[in-house]
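Have a look at the structure below, then the notes.
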Amino acid sequence: MFGPYSFIDILNGREEDGDNGRSLRNYVEVRVVSKILKILYKACKSSGEDLSVGVISPYGAQVAAIQHDIGNNYENIEGFTVKVRTVDGFQRGEEDVIIVSTVRSNPRGSIGFVSDPKRTNVTITRARYSLWILGNERTLMRSKSAWEALVHDAKSRGFFFSIDDFEAILDGKNSQLDEPVAGSNVLFRNERWRANCS
């Protein structure tokens with residue numbers, strides 16, 4: 001899960017209109033982003049390694065919801081930086097870890113401008129070491145876009161996880177062994193990733 005990239009299936013997410021009605025948000029994905037940031041922060045501090053994290057979403061309403069949820073929790077922390085931006089706001093940016101919140105969750109496979117190949121390229125190429133994609137597998141698989149191929153690839157390479165498996169690890173349980181996982185080792189157990197961070 002902490003290798004080059006992972007797809008986390010947010011099956012119970014729900015897309016909804018933002019406050020201005022012109023953008024979308026998904027509060028389940030907001031909650032998962034917050035959990036990931038907490039575990040990354042703990043792992044970074046216990047390892048002594050510096051870490052930069054970028055959170056990307058195609059939708060301004062989702063960016064605003066994530067920023068509101070995390071508040072100023074990660075501001076001015078030495079060795080740990082978090083940037084939350086739209087895809088367009090992240091062009092030419094790069095961070096150690098990128099978390100992508102795709103937002104879209106509907107039975108039709110409708111993903112609107114998220115299907116744009118240029119935006120997809122920007123979204124998935126901003127990570128130096130590790131890319132975590134949060135999305136609804138069914139929606140993206142029905143989208144007839146590059147996202148469909150990406151989900152297929154994640155499954156074939158063993159980088160596809162259900163939200164239940166992912167939350168079990170974030171909550172400190174190894175779902176396969178059903179035993180606690182040491183905080184810093186969760187993130188840094190991938191030796192190549194750890195070496196690249198130093």
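Excluding Val114 itself, calculate the net charge of residues whose Cβ lies under 11 Å from the Cβ of Val114, where each Lys or Arg counts +1 and each Asp or Glu counts -1. Mind showing how you got there, number by number?
Numbers: positive: Arg104, Arg119; negative: Glu15, Asp116.
Surrounding charge for Val114 is 0.
Ratio of alpha-carbon Rg to the 2.2 N^0.38 Å globular estimate for the stretch 1-72, to two decimals, please. Write out the running numbers ahead of the final one.
Details: Rg = 13.8 Å, N = 72, 2.2 N^0.38 = 11.2 Å.
Normalised Cα radius of gyration, the stretch 1-72: 1.23.
Classify the stretch 53-132 as rounded, prolate or oblate, taking a ≥ b ≥ c as the square roots of the eigenvalues of its Cα gyration tensor: rounded when a/c is under 1.5, otherwise prolate if a/b is larger than b/c and oblate if not.
Details: a/c = 2.33, a/b = 1.46, b/c = 1.60.
The shape class here is oblate.
When the label point is put 7 Å from the Cα of Lys155 along its Cα-to-beta-carbon vector, which residues of the stretch 77-116 have a backbone N closer than 20 Å?
Only 102-111, 115 pass the distance filter.
Name the residues whose placed amide hydrogens come within less than 5 Å of the amide hydrogen of Arg157, ignoring near sequence neighbours (fewer than 5 apart) on the same chain.
For Arg157, no residues qualify.
Kindly count the pairs of lysines across the stretch 1-153 whose alpha carbons are less than 24 Å apart, treating pairs on different chains or eight or more residues apart as eligible.
On the way: Lys35/Lys45; Lys35/Lys83; Lys38/Lys83; Lys42/Lys83; Lys45/Lys83; Lys83/Lys118; Lys118/Lys144.
For the stretch 1-153, qualifying lysine pairs total 7.
Readers should treat all values here as calculations from the given coordinates under stated rules, not as data from a laboratory. What you see is a predicted model, and the numbers here were worked out from it, not measured in a lab. Please note: Cβ atoms are built from the backbone with ideal geometry, for glycine as well, and neighbour counts cover all protein chains shown.
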